[in-house]
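Down below is the structure, laid out as structure tokens.
The values are calculated or read from the model by the stated rules, or taken from the named source; none is laboratory data. All of these numbers come straight from a predicted model, not from anything done at the bench. Heads up, the Cβs are rebuilt from the backbone with ideal geometry, glycines too, and the neighbour counts pull from every protein chain shown. SASA here: full protein model, heavy atoms, side chains in, ligands and nucleic acids out. Shrake-Rupley method; radii C 1.70, N 1.55, O 1.52, S 1.80 Å.
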Amino acid sequence: MNHQSVAFKNTHFPSPPHHHHHHHCNPIHSRLLFPSALFSLHPNITVTKSPHSSFTCRVLHTPLLHTSNTTKPAAAAAVKTVDVATLGNLCVDIVLNVPKLPPPSPDARKAFMEQLSSSPPDKRYWEAGGNCNMAIAAARLGLKCITIGHVGNEIYGKFLLDVLRDEGIGLVEMSEETDVLDAPGSSYETLLCWVLVDPSQKHGFCSRADFSKEPAFSWINTPSEEVKRAIKRSRVLFCNGYDFDELSPNVMISAVEYAVEVGTSVFFDPGPRGKSLLSGTMEEQEALRHFLRMSDVLLTADEAESLTGIADPILAGKELLKEGNRAKWVVVKMGPNGSILITKSSITCAPAFKVKIMDTVGCGDSFVAAIAFGFIHNIPLVTTLAFANAVGAATAMGCGAGRNVATLKKVVELIETPDLNGNDKFWNELLSHHLKSQEVTLLSKMVFNGNNGRVNHVTLQNVVSELLPKLKSNQLEGTLSS
């Protein structure tokens, strides 16, 4: 990840920092890698110019997303030609060194951000952020992926479109032309997130969404027909808590309800925003509850406790599963300890891989992409969880998100010489309360003699022998198509 030094009031911060380290490492959060197979598979993706464009890359129209001439009822089974569609949260991250992080008061932080924004920083310090991370991760795994969202007509929007196109990812514009005509100029611009790094490697984040009670794109009133076609053609629709910074709750609820209607599985990761949404406006609270009810797969970390008031991650997962009308999986990410996947009939656990952690930025998005890969391809739960942990660990070994996420080559290398974090005490204590209630599967370094008769131990070797042929096949296909 490139960092730019910024000086304020004649204070000079001389050199870019070294790779920044996140002290709360989470090798489970991951970022996936894979050659840009989708673009090579879809050479007919075209770029057309909108009347509002200042450059030719405006809206990517993907022919595969359009419905056939035969009109079907919305609820009829749609042909699924896309694996994953992400909803909203398309932004550009700008990573900057600053002498000190902005002060906590909103007015001071806003002035600080406006000072940063006064002239565009060098393009070396731009990176695709938000849901672009999950989309790039999914595409690099070999999943066919599109993003649904809004980018503006300025240099940052063009940058995002170029990055997505280079990764073989289509963009479906969230807004209608009438929305654009009614939108104030500044609110139509691509959302920027300023990632600020001080000399001690602490991070701060600023975006214009922080200073507005309304979502950044509150002028988007309803999902367009093109957005509905995209959702209908996708196997998975991925949403996260940061979508609420951009889109009105009603727009998001409409998109999710349509996904359910047309048989598209909904993945939802509330993330750190989950806690603030719980105490947000009545509209936000209701939308959050709606998402929790309507999702097929819920992905959580620390917010599992916030959402349920239950500290035990397995019990919290069970509660979320019980509250969800449609929930099939609840996945709890637990950083360096690993992850858990809870269904109505089973508990699956996988310790994290042991790697040297450089940077955990973007790991969670890749982790989600690997979970989607396992869900779509019906891979055994313990293998899916181990794969997601591996992809997260591979990303944590690198630096940064966006185009810096791990490559498929890096994941294969990690899986070929794997090692698990050995924390038997953690898992024994956690699982001891749940052995009588459900089937429990645990990824293990080795086969245990006399495994208490309650835990089904699956060896790392078995999982690796199942994964490697699939990944190497994907790797070969990606090499041939790139």
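For the stretch 93-137, pairs of C-alpha atoms spaced more than 12 angstrom apart make up 70 percent of the total.
A 1.4 Å probe run over the stretch 105-245, with the rest of the protein chains in place, finds 37 Å² accessible per residue.
What is the gain in length, in nm to one decimal, between ASN250 and ASN325 on full extension, counting 0.36 nm per residue of separation less the C-alpha to C-alpha distance?
My answer for the length gained is 25.1 nm.
Once C-alpha pairs closer than 8 Å and six or more residues apart are averaged by separation and normalised to the residue number of the stretch 282-349, the relative contact order reads 30 percent.
Over the stretch 267-411, average the accessible area per residue using a 1.4 Å probe and give it in Å², no decimals.
Dividing the accessible area of the stretch 267-411 by its residue count gives 32 Å².
Can you classify the stretch 236-306 as rounded, prolate or oblate using the Cα gyration tensor, where a ≥ b ≥ c are the square roots of its eigenvalues, rounded means a/c under 1.5, and otherwise it's prolate if a/b beats b/c and oblate if not? Because a/c hits 1.5 or more and a/b fails to exceed b/c, the stretch 236-306 counts as oblate.
Would you please give the FRET efficiency between THR281 and ASP419, computed as 1/(1 + (r/R0)^6) with r the Cβ-Cβ distance and R0 = 60 Å, to the nearest 0.05?
The computed FRET efficiency comes out at 0.80.
Spacing of the modelled spin labels on ILE310 and LEU476, each 7 Å from Cα toward Cβ, amounts to 4.5 nm. Cross-link partners for LYS228 among the aspartates and glutamates, with Cα-Cα distance under 18 Å and sequence neighbours closer than 8 places in the same chain left out: ASP83, GLU173, GLU176, GLU177, ASP179, ASP243, GLU257, GLU261. In this entry, the stretch 261-301 is assigned a mean projected area of 3.0 nm², taken as a quarter of its C-alpha convex hull surface. Of LYS275/LYS333; LYS356/LYS410; LYS344/LYS436; LYS213/LYS275; LYS100/LYS333, which sit over 20 Å apart, Cα to Cα? Among LYS275/LYS333; LYS356/LYS410; LYS344/LYS436; LYS213/LYS275; LYS100/LYS333, the Cα-Cα distance tops 20 Å for LYS100/LYS333.
By the gyration tensor of its Cα atoms, with a ≥ b ≥ c the square roots of the eigenvalues, what is the shape of the stretch 297-348: rounded for a/c under 1.5, prolate for a/b over b/c, or oblate? Could the numbers behind the result be given before it?
Working: a/c = 1.76, a/b = 1.23, b/c = 1.43.
Oblate, since a/c reaches 1.5 and b/c is not below a/b.
Of all lysines in the structure, those lying under 17 Å Cα to Cα from LYS123, and not within fewer than 8 positions of it along the same chain, are LYS158. For the listed peptides 380-390, 215-225, a ranking on the average number of other beta carbons within 10 Å per residue, highest first, reads 380-390, 215-225.
Can you give me the relative contact order of the stretch 216-303 as a percent, contacts being Cα pairs under 8 Å and 6 or more apart? 31 percent.
For the stretch 196-325, just say rounded, prolate or oblate: build the C-alpha gyration tensor, square-root its eigenvalues into a ≥ b ≥ c, call rounded for a/c under 1.5, and beyond that prolate if a/b exceeds b/c, oblate if not. Verdict is oblate for the stretch 196-325. At a 1.4 Å probe radius, carbon and sulfur cover how many percent of the accessible area of the stretch 144-291? Ligands and nucleic acids excluded, carbon and sulfur give 51 percent. Cross-link check: pairs LYS80/LYS144; LYS328/LYS445; LYS445/LYS470 evaluated at a Cα-Cα cut-off of 18 Å; pairs beyond the cut-off: LYS328/LYS445; LYS445/LYS470. Summary of packing: across the peptides 94-106, 419-431, the per-residue average of other C-beta atoms within 10 Å ranks them, highest first, as 94-106, 419-431.
In this rough spin-label picture, where each label sits 7 Å from Cα along the Cβ direction, the LYS445-ASN428 distance is 1.4 nm.
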